[in-house]
Amino acid sequence: MRIHRACREMGIETVAVHSTADSEAMHVRLANESVCIGPPSSRESYLNMQAILSAAQISGADAIHPGIGFLSENAAFAEMVEEHGYAFIGPAPEHIRLMGDKIAAKEAIQQLGLSVVPGSNGPVTEDGAAARIAQDIGYPVLVKAAAGGGGRGMKVAKVADELPDVLAHCRNEAAASFGDDAVYIEKYLDRPRHIEIQLLGDGNGKVLHFGERDCSIQRRHQKVIEEAPSPALDAATRANIGLRAAQAVAKICYRGAGTIEFLYEGGNFHFIEMNTRLQVEHPVSEMISGIDLVREQIRIAAGCPLNLEQSDIVLNGHAIECRVVAEHPDTFAPSPGKVTDYHAPGGLGVRVDSQLYSGYRVPPHYDSLVSKLIVHADNRAECIMRLNRALNEYVIGGIETTIPLHQRLIMEQDFLDADYDIHWLETYLKI
Ligand code: MV4
């Protein structure tokens, strides 16, 4: 739906692909055409590259937008799309591949001039060498899988005694989950914030930044609330890290939308990963910049020069996104099923990006995200008041959603004070 909306405003027709479980989905209804690409199992539909290319062929598509999940960071898919003569609305396959290998990405980003978390600077293959590195940087250390990312395949060793077991565990897990047992070591940062920079490159060496998002409020590596700008940064720090991130990937002539993720602790930014796709939380950056990032992605893929300069990107006010999921607000038990009542909030500064409508059946097969409520206001305090008002208006009947959780969270004193880090929500929920 997000991509369709940008296309329509550009006068571009759309073809939706969908599984049999999504025949009644709103994006299928809105698109000019739709093609069913397989059964509910995402492996046989949304991850089926051949089926998607066939859909492109029979519909006569010019370009393929990979979306924000599934194949969006699959270099082989990007390559196939281009080999078949379609424009891939995303980065160059080599950059997707580079950033997918977390060790190679870290090395490359360090070369490009950004700070990384102190650690092994490459894979650790031998326990003795690992122990020396860990001793050097100091415990606790974090062992991460090269092929991991997004919190998958990592484990802390608090003291030297634990390191051999943690290494063995991570290697086994990595081999089983990713078919690659390479692991690396980092200093474990205790209480960082997750701050990420939104970037847009034209593929010719020009890269713009759209400031940062603070995505520290998460549970089990699923973001719950995101906001921009981060209440933890001042204007000078923001401009500096944005410029440095943009300059880094400009050197590799990065193309398309991308996000550099940092852990921010003690006034320092440490690169952890780069996402070579548009992210779920991109609307908060759109709301403060006034720029349609999907429109820009499409223009870049079409080979249009970026008709924006960094000085055109003026960040205004504050935006917060609540990710509303079809889960029980206390137990997080999945709650798919039929939406019997639906009323979305509106008014100045309120944006709802959702596939829901009254009568829609939320399928049980996929991610439980059903709506993003994004609110914009002049400043953070007003934004929270507006968000509270909008959450109170929002009616989603027939399924459980996390709206009640969001209502509670945004009125917590720590949230009002912006006094949170990546562990805040999980600590709060255990009380
Ligand atoms: C870390 C870390 C602490 N120290 N690296 C988790 C997701 C992946 N992108 C990297 N992650 C982390 N890496 C070091 N050296 C803590 C996390 C982490 C985390 C990071 C961002 C957002 C939420 C998180 C929750 C738990 C752990």
Tell me, what HN-Hα J-couplings in whole Hz come from the Karplus equation 6.51 cos²θ - 1.76 cosθ + 1.60 at θ = phi - 60° for each residue of the range 199-215, using x for Gly and Pro? 10, 9, x, 9, x, 10, x, 9, 10, 9, 10, 10, x, 10, 10, 9, 10
Label-to-label distance, nm, for residues given as Val159 and Tyr357 (7 Å Cα→Cβ offset): 6.1 nm
Filter Lys106/Lys206; Lys158/Lys206; Lys223/Lys338 down to the pairs with a C-alpha to C-alpha distance above 32 Å, please. Lys158/Lys206
Cross-link reach list, aspartates and glutamates versus Lys430, counting only Cα pairs under 14 Å and skipping chain neighbours closer than eight places: Asp330
Can you list the lysines whose alpha carbon sits under 18 Å from that of Lys102, skipping same-chain ones fewer than 8 residues off? Lys144, Lys155, Lys187
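Relative contact order of the chain: what whole-number percent is it, with Cα pairs under 8 angstrom and at least 6 residues apart?
The normalised contact order for the chain reaches 14 percent.
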Suppose R0 equals 30 Å; then what is the FRET efficiency for Met1 and Ala168 from their Cβ-Cβ distance, rounded to the nearest 0.05? 0.10
Which GluC sites (Glu not before Pro) from the range 42-128 combine a DSSP loop assignment with at most 13 other Cβ atoms within 10 Å? Glu126
In the range 345-431, what GluC sites (Glu not before Pro) fall in a loop by DSSP, with at most 15 other Cβ atoms inside 10 Å? Glu412
Please sort 29-40, 178-189, 315-326 by packing, taking for each peptide the average over its residues of neighbouring beta carbons within 10 angstrom, highest first. 315-326, 178-189, 29-40
For Asn268 and Asn316, extending 7 Å from Cα along the Cα-Cβ vector and measuring point to point gives, in nm, a value of 3.8 nm
Can you run phi through the Karplus equation (6.51, -1.76, 1.60; θ = phi - 60°) for the range 51-61 and list ³J(HN,Hα) in whole Hz, with x for Gly and Pro? 5, 5, 5, 5, 4, 5, 5, 5, 8, x, 5
For the chain, divide the Cα radius of gyration by the Kirkwood radius and give the resulting Rg/Rh value with two decimals. 0.95
May I ask you to list the trypsin sites (Lys or Arg not before Pro) in the range 145-185 that are in a DSSP loop and have at most 14 other Cβ atoms within 10 Å of their Cβ? Lys158
If one computes the Cα centroid of the range 199-232 and of the range 162-198, what distance in Å separates the two points? 22 Å
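On the accessible surface of the range 131-188, probed at 1.4 Å, how many percent belong to carbon and sulfur atoms?
It is 48 percent, rounded to a whole number.
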Can you give me the long-range amide H partners of Val35? Hydrogens built in the peptide plane at 1.01 Å from N, cutoff under 5 Å, separation of 5 or more residues or another chain. Ala16, Val17, His18
Roughly to the nearest percent, how much of the accessible area of the range 194-333 is carbon and sulfur, given a 1.4 Å probe? 48 percent
Could you give the nm distance between label points at Gln247 and Ala175, where each point is 7 Å from its Cα heading toward the beta carbon? 4.4 nm
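Quick check: at a probe of 1.4 Å, how many percent of the accessible area of the range 1-124 sits on carbon and sulfur atoms?
48 percent
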Hey, can you find the accessible area per residue of the chain for me, probe 1.4 Å, expressed in square angstrom? 43 Å²
Derived scalar couplings ³J(HN,Hα) [the range 277-282; Karplus, 6.51 cos²θ - 1.76 cosθ + 1.60; whole Hz; x for Gly, Pro]: 7, 6, 10, 3, 8, 4
Linear extension gain, Gln413 paired with Asp234, 0.36 nm per residue minus alpha-carbon span: 62.3 nm
Dipole of the chain, positive end: most advanced residue of Leu112, His27, Pro93 [Cβ charges, Cα centre]: His27
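The values are calculated or read from the model by the stated rules, or taken from the named source; none is laboratory data. In this text the structure is predicted, and so the values were computed from the model without any measurement. Positions of Cβ are generated from backbone atoms using ideal geometry, with glycine treated the same way; all protein chains shown enter the neighbour counts. Ligands, DNA and RNA are excluded from the accessible area calculation, which covers all protein heavy atoms including side chains. Shrake-Rupley method; radii C 1.70, N 1.55, O 1.52, S 1.80 Å.
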